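Worksheet: the structure to be examined is printed underneath.
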């Protein structure tokens with residue numbers, strides 16, 4: 001059996017918008033060109049889906065491939081064991097590095113840009129200060145994070161630990177510090193670190209990163225096909241019939257004419273629809289994944305509704321009533337019955353590398369409802 005995947009691609013030379021019908025077994029594709037307006041519709045709706053009004057505007061030269069935050073967040077994105085708690089709750093995880101690090105004999109002093117540690121209209125869940133040493137610390141002791149109201153005042157301890165929770169990584173909870181900075185005038189962004197009363201430089205090279213987990217008060221996520229501008233999937237399927245016969249004949253052993261004609265009135269089912277970020281010109285700010293698998297449900301829900309159509313009891317009754325009197329009720333519609341979340345790793349307006357999680361983004365099962 002052949003499996004098919006729709007891929008949206010933009011040909012940058014001609015600025016035409018193409019959809020590729022892929023035969024996954026033979027890796028043969030048939031391009032269908034559309035006007036550039038369709039690309040704009042997809043891009044605008046996709047940005048809305050990701051909760052963005054525009055493509056992030058940041059200084060590209062600040063984020064290199066060797067940037068520590070970028071490399072660290074790539075590992076976090078791939079492996080959730082980097083967290084000591086369930087990360088299915090946060091809508092977004094922001095990474096941020098210190099602006100500057102100073103040291104004296106007794107302590108290391110870290111300075112942060114507080115505005116980069118938080119997003120407006122969100123709820124602070126937790127904020128972690130992570131210190132990653134290049135090698136294991138042999139000396140037993142306590143790593144402590146503190147704040148000071150004034151330079152000469154005694155330190156106020158916020159958190160302390162005597163073990164590396166991850167490999168060579170000490171994790172300190174600074175949620176209370178960030179909350180204080182956000183809700184008072186004392187938001188200097190200065191914290192103090194010491195290990196057994198010594199600065200961290202005494203124990204070798206290290207990196208510092210803050211991971212802040214946030215939850216949004218409002219969930220503005222929406223399907224790519226919902227909005228003022230809609231991508232007409234039906235028109236895409238019909239336009240495949242306009243493909244030159246000579247091209248379609250190359251899909252051996254796939255019979256293009258049979259496939260297109262048999263799908264004008266298909267039963268309710270799942271279709272693969274993949275948008276590659278690189279083809280949209282988004283690869284400079286989206287790090288992972290490679291694209292958005294915007295699978296969708298389409299097809300008829302006509303009588304009889306069999307078991308393969310995942311029909312609800314209401315859909316079955318609606319179908320019967322519609323058969324008796326079509327004016328009393330609409331026929332059931334093909335819609336997702338099971339969705340799964342999606343997460344993306346990207347660079348935001350503040351040049352922070354962030355992980356953003358979206359609930360119910362990818363249809364994996366369809367049914368009549």
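Computed from the coordinates by the stated procedures, all read-outs in this text should not be read as laboratory data. This structure is a prediction, so every number in the text was calculated from the model and none was measured. Don't worry about glycine lacking a Cβ; one is built from the backbone with ideal geometry, like all the others, and counts go over all protein chains shown.
Counting neighbouring Cβ atoms within 10 Å and putting the fewest first, the residues 97, 111, 127 line up as 111, 97, 127. Shape call for region 115-212 from the C-alpha gyration tensor, a ≥ b ≥ c root eigenvalues: rounded (a/c under 1.5), prolate (a/b greater than b/c) or oblate? Oblate. Report the FRET efficiency, 1/(1 + (r/R0)^6), for residue 365 and residue 205, where r is their Cβ-Cβ distance and R0 is 51 Å, rounded to 0.05. Working from the Cβ atoms, E equals 0.55.
Simple spin-label estimate for residue 155 and residue 300 gives 7.4 nm between the two label positions (7 Å along the Cα-to-Cβ direction from each Cα). Counting every other Cβ atom within 10 Å of each residue's Cβ, 161, 89 order from fewest to most as 89, 161. Once the Cβ-Cβ distance of residue 173 and residue 58 is raised to the sixth power relative to R0 = 30 Å, the FRET efficiency obtained is 0.60. Subtracting the Cα-Cα distance of residue 278 and residue 105 from 0.36 nm times their residue separation leaves 57.4 nm of extension gain.
Among 290, 267, the order by Cβ neighbours within 10 angstrom, fewest to most, reads 290, 267. Applying 1/(1 + (r/R0)^6) with R0 = 22 Å to the Cβ-Cβ distance of residue 115 and residue 47 gives a FRET efficiency near 0.45.
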